[in-house]
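The values are calculated or read from the model by the stated rules, or taken from the named source; none is laboratory data. The shown structure was predicted, so the numbers you read here are calculated from the model rather than taken from an experiment. Virtual Cβ from ideal backbone geometry, glycine too; neighbours counted across all protein chains shown.
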Amino acid sequence: MKCWFYIAYGLVIMTGCEQSLPFDSEGFEPKLVINSFNSSDSFMQIGVSTSTSTLKTPTRYALNGKCNVLLLKNNLLLLSDSLNLVNGKLQLPFQASTGSIYELQLGYGAFPSIKAKDSVPVNVPELYLDTLVSNTVYYTLKLRVKDNSAPQKYQFQTVLHGKELVGTDSVLTSYPLPFSSTDKIFISTIRTVAENNSFALFSDELWNGQERIIDLRIIKEDLLRPDFKPEYIEIKLANLSNNMYNYYVASLQNNHVYGGPLSSVTDLNGNIEQGLGGFYFYTQTILRVDL
């Protein structure tokens, strides 16, 4: 009898610990989602989609039709027009000028119009290959970064390029390339953020205005893929706007890197007023390392 009593008591305790989390989607109002990450060396690209409530299936069709676009540069009008949105994409005939501030306003259909503003970093990063050491297991790259006296927020990325056999054709193909390092300039350590990943974030807070050598390690086995011949590694160093850097950090804080999904409560609306996503700018340098 005592055994049954304890079992019943345990069931009551477990039932009492349950918590109902309401997901009320009746009052959900869809918003425009802007996906616009722009380099100073290319035309502005704007992706436009819509948000979906938690319990609904995302729409699978791309937005098409007229949208009203207004673009300001340093508070001066650059563009005010009705443009065609094709498969959820817009290209504006402007390249971002370093040191400038851009404001985007966009309206589509019955959705609330969005407004976003961001500044283009002043400096283009300086990245050089100092040495490349190869052994039987991995490549070691020593990269030299020349930092400017202004505060900088960096994104680092490695991409593998080569030719892949698809049927009887040889097709140019690229893949993210994992790297690792123990250099402490990266957030936490690069092993926490970037091991088995192809990107990392860091700032120049501890070495502002100075030159620094960064060691990277790339395992040769990661270059090997079926029917693929690797040709070169592309190393991208981007100088991010503060808004873009903070958005990436917030995204990292809400994934497995820092302990699990939603391990911290962070606002991921980006810099979009009345909407979601981001309208951001960066400058970049791309270094090619032939294999």
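The figures follow:
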| read-out | value |
| --- | --- |
| Residue among G260, G270, G277 that is part of a loop (DSSP other than H, G, I, E, B) and either touching a Gly at 6+ places or on another chain (Cβ under 7 Å) or at pLDDT 95 or above (or both) | G270 |
| Boolean, Y154 is touching a Gly at 6+ places or on another chain (Cβ under 8 Å) and either closer than 30 Å to N68 by Cα or not small (G, A, S) (or both) | no |
| The stretch 135-149 - residue that is of a type in the set (S, T, N, Q) and loosely packed, with under 11 Cβ neighbours inside 10 Å and, of those, nearest to S181 (Cα to Cα) | N135 |
| Residue list for the stretch 180-206, restricted to those being out of contact with any strand residue (DSSP E or B) (no Cβ under 6 Å at 6 or more places or on another chain), modelled with pLDDT of 85 or more and surrounded by 14 or more Cβ atoms within 10 Å (Cβ to Cβ) | D204 |
| Residues of the stretch 75-99 classified as surrounded by 14 or more Cβ atoms within 10 Å (Cβ to Cβ), in contact with a Ser or Thr (Cβ under 7 Å, 6 or more places away or on another chain) and not hydrophobic (A, V, I, L, M, F, W, C), total | 2 |
| 1 or more residues in contact with a strand residue (DSSP E or B) (Cβ under 7 Å, 6 or more places away or on another chain) and touching a residue at least 40 places away in the same chain (Cβ under 8 Å): qualifying strands (runs of 3 or more DSSP E) within the stretch 54-154 | 65-73, 89-95, 101-107, 114-119, 126-134, 138-146 |
| Some residue of the stretch 58-73 being more than 23 Å from Y280 (Cβ to Cβ), surrounded by fewer than 16 Cβ atoms within 10 Å (Cβ to Cβ), at pLDDT 90 or above and of a type in the set (K, R) | yes |
